[in-house]
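Q: Structure incoming, see below.
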Amino acid sequence: MLRRTFIAALPSFVAAAALGQSHIDAGTVQTEAGRLGVPVYSVAITSPDANLAALAKRAFGLHGSYKIVPQQSAQFVFDFSRAGANSVRIAISKGLSFESVCEGSSAVEALMKACDAAVLRTLRSPGFFAGSIAFSYSSDNWNTSEICVSDIVFQNVRMITRDKSDSLMPHFSPDGRRILYTGYYRTGFMDLYSIDLANNTRKVFASFKGSNTGGSFSPDGSKVALILTSSGNAEVWIANASGGGFRRLTNNKATESSPGFSPDGSKIVFASDDMGGPQIYTMPSSGGKMRRVNTRMSGYCSEPSWNPRDPNKIAFTAAVGRGFQVAVYDFASRSSKWVSSGENTSGAVWLNDGRHLICTKSRGKARKLYVVDTETNSQKPLHTSSFNAKEADFVYAPRR
């Protein structure tokens, strides 16, 4: 079966109780500007609070359209100050005049929402800083792995499982309240589990004979696309998000993997080796004919991710040389382009702005999460290289 196996590297954290509020230290990250092919804004970050300034700089350092510079050479000045225990004021000067107070469930979330307000005001597109990340983490060189969730700047990393087995491929529900993931802990086989993040309760979602993987939610949160091998080989199935209503969509001798939905939920994208090597396919989510997406990039294309804002674009992993990189296919131009480079890169998931991706970079057994800008090709690490993380998912659902 095709799996999300080509991934990246990071730091290590200290675990706590199973399915609990285990907090992890992801280290301190030094970011550098990536290769930029489009104009960026020069911005200065100021604050009377050194911690706010440092976190805001870390956040804007992930975005391909901002370059942090001294105040005297900045196009915009972003000033952040505390307006309450869990509220932050953003004031923009030198370029335009703007002020707003943002509230969150924590001071960090309030700051990230304030950073997003600055992005929206200056770029006229949504920011991604107040989103959440789920990923698979290992402290023992991938002998075992656990599911963790974090904010984008890795200030609050929580271990959600502690099964001392393989916990893999997490997927958020659209409201960010649930995670589906693949785990081995109960039966020793690949089963799908659902975790309620509010109370950390877990239940079995799919435990049929064979492997149960995938678990990607539809945009409206009502359906789940998954891969089951109960029929003998890996096929695409769909189920109700509440459980039950399992219905098989593909029926062939090929191996399918990595199902996900189009932005409107009407189609499913997945990988299949129906032609030999894996390629990208789509089909109606109600069932119907498989249609190959001719990426013209590689004889091995897998791990597709449909852009949530632009239905013409799909990111995917492709073999190149002796490794793997991430590319984006555009239905409008019927062409693909590479968006990553360097170390093996895979497992792309779109952020809510429809521009940036979170990908996994790998070197040996080391895995590290990066933000990749599909417009500038900049690549920025989310954490330090000693923290082993892979298979990220992202949701933008901050508390109001």
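The values are calculated or read from the model by the stated rules, or taken from the named source; none is laboratory data. This structure is a prediction, so every number in the text was calculated from the model and none was measured. Please note: Cβ atoms are built from the backbone with ideal geometry, for glycine as well, and neighbour counts cover all protein chains shown.
Q: Within segment 370-388, identify whether any single residue is over 27 Å from D151 (Cβ atoms) and assigned by TED's automatic domain parsing to the domain that holds R158, and answer yes or no.
A: no
Q: Same structure again: Can you pull out every residue in segment 284-303 that is part of a loop (DSSP other than H, G, I, E, B) and touching a Leu at 6+ places or on another chain (Cβ under 7 Å)?
A: Hit for segment 284-303 is G287, nothing else.
Q: Filter segment 187-215 down to the residues that are of a type in the set (V, I, T) and over 15 Å from L168 (Cβ atoms), then identify the one that is surrounded by the most Cβ atoms within 10 Å (Cβ to Cβ).
A: Per the criteria, the residue is V204.
Q: Checking V326 against (1) under 15 Å from Q379 (Cβ atoms); (2) over 18 Å from the mean Cα position of the chain (by Cα), which test does it fail?
A: Here V326 meets the rest and fails (2).
Q: Listed residues S100, S105, S167; which is in a strand (DSSP E or B), farther than 18 Å from W350 by Cα and in the same structural domain as L52 (by TED's automatic domain parsing)?
A: S100
Q: Could you please give the count of residues in segment 360-391 that are within 15 Å of W142 (Cβ to Cβ), free of Cβ contacts under 8 Å to residues at least 60 places away in the same chain and assigned to a strand (DSSP E or B)?
A: Residues meeting the conditions: 0.
Q: Do you know which residues across segment 257-283 are among the polar types (S, T, N, Q) and in a strand (DSSP E or B)?
A: Once the filter is applied, which keeps residues that are among the polar types (S, T, N, Q) and in a strand (DSSP E or B), segment 257-283 yields S257, S258, S272, Q279, T282.
Q: Follow-up question, since we're still on this one. Select from segment 116-144 the residues that are part of a helix (DSSP H, G or I) and either more than 19 Å from the chain's Cα centre (by Cα) or among the β-branched types (V, I, T) (or both) and list them in ascending order.
A: A117, A118, V119, L120, R121, T122, L123
Q: Check off (1) touching a Phe, Trp or Tyr at 6+ places or on another chain (Cβ under 8 Å); (2) touching a residue at least 40 places away in the same chain (Cβ under 8 Å); (3) surrounded by fewer than 24 Cβ atoms within 10 Å (Cβ to Cβ) for S230 and give me the number that stays unchecked.
A: (2)
Q: Only one of A239, A225 is buried (at least 18 other Cβ atoms within 10 Å of the Cβ), more than 20 Å from N312 (Cα to Cα), touching a Pro at 6+ places or on another chain (Cβ under 6 Å) and in contact (Cβ under 8 Å) with a residue 24 or more places away in the chain. Can you tell me which? Let's see the steps before the verdict.
A: On the way: A239 fails: touching a Pro at 6+ places or on another chain (Cβ under 6 Å).
A225 is the lone residue from the list that is buried (at least 18 other Cβ atoms within 10 Å of the Cβ), more than 20 Å from N312 (Cα to Cα), touching a Pro at 6+ places or on another chain (Cβ under 6 Å) and in contact (Cβ under 8 Å) with a residue 24 or more places away in the chain.
Q: Go through segment 151-176 and count every residue that is at negative phi and free of Cβ contacts under 8 Å to residues at least 40 places away in the same chain.
A: Matching residues across segment 151-176 total 3.
Q: Would you mind telling me which numbered condition in (1) of a type outside the set (S, T, N, Q); (2) touching a Phe, Trp or Tyr at 6+ places or on another chain (Cβ under 8 Å); (3) farther than 23 Å from Y370 by Cα; (4) part of a loop (DSSP other than H, G, I, E, B) P48 fails?
A: That leaves (2) as the condition not met.
Q: Another question, if that's okay. Could you please find all residues in segment 145-157 being in a strand (DSSP E or B) and under 17 Å from the mean Cα position of the chain (by Cα)?
A: Scanning segment 145-157 gives E146, I147, C148, V149, S150, D151, V157.
Q: Further, regarding this structure: Looking only at segment 129-175, which residues are within 20 Å of D116 (Cβ to Cβ) and among the small types (G, A, S)?
A: Once the filter is applied, which keeps residues that are within 20 Å of D116 (Cβ to Cβ) and among the small types (G, A, S), segment 129-175 yields A130, G131, S132, A134, S150.
Q: Right, next: Filter segment 311-325 down to residues that are closer than 26 Å to D116 by Cα and either buried (at least 23 other Cβ atoms within 10 Å of the Cβ) or of a type in the set (G, A, S) (or both), then give me how many there are. Walk me through it before giving the result.
A: First, the residues of segment 311-325 that are closer than 26 Å to D116 by Cα: 311-315.
Imposing the further condition that a residue be either buried (at least 23 other Cβ atoms within 10 Å of the Cβ) or of a type in the set (G, A, S) (or both) reduces the set to 314-315.
Selection size over segment 311-325: 2.
Q: Quick one: in segment 59-107, which of the residues that are buried (at least 23 other Cβ atoms within 10 Å of the Cβ) and aliphatic (A, V, I, L, M) is farthest from S42 (Cα to Cα)?
A: This residue is V88.
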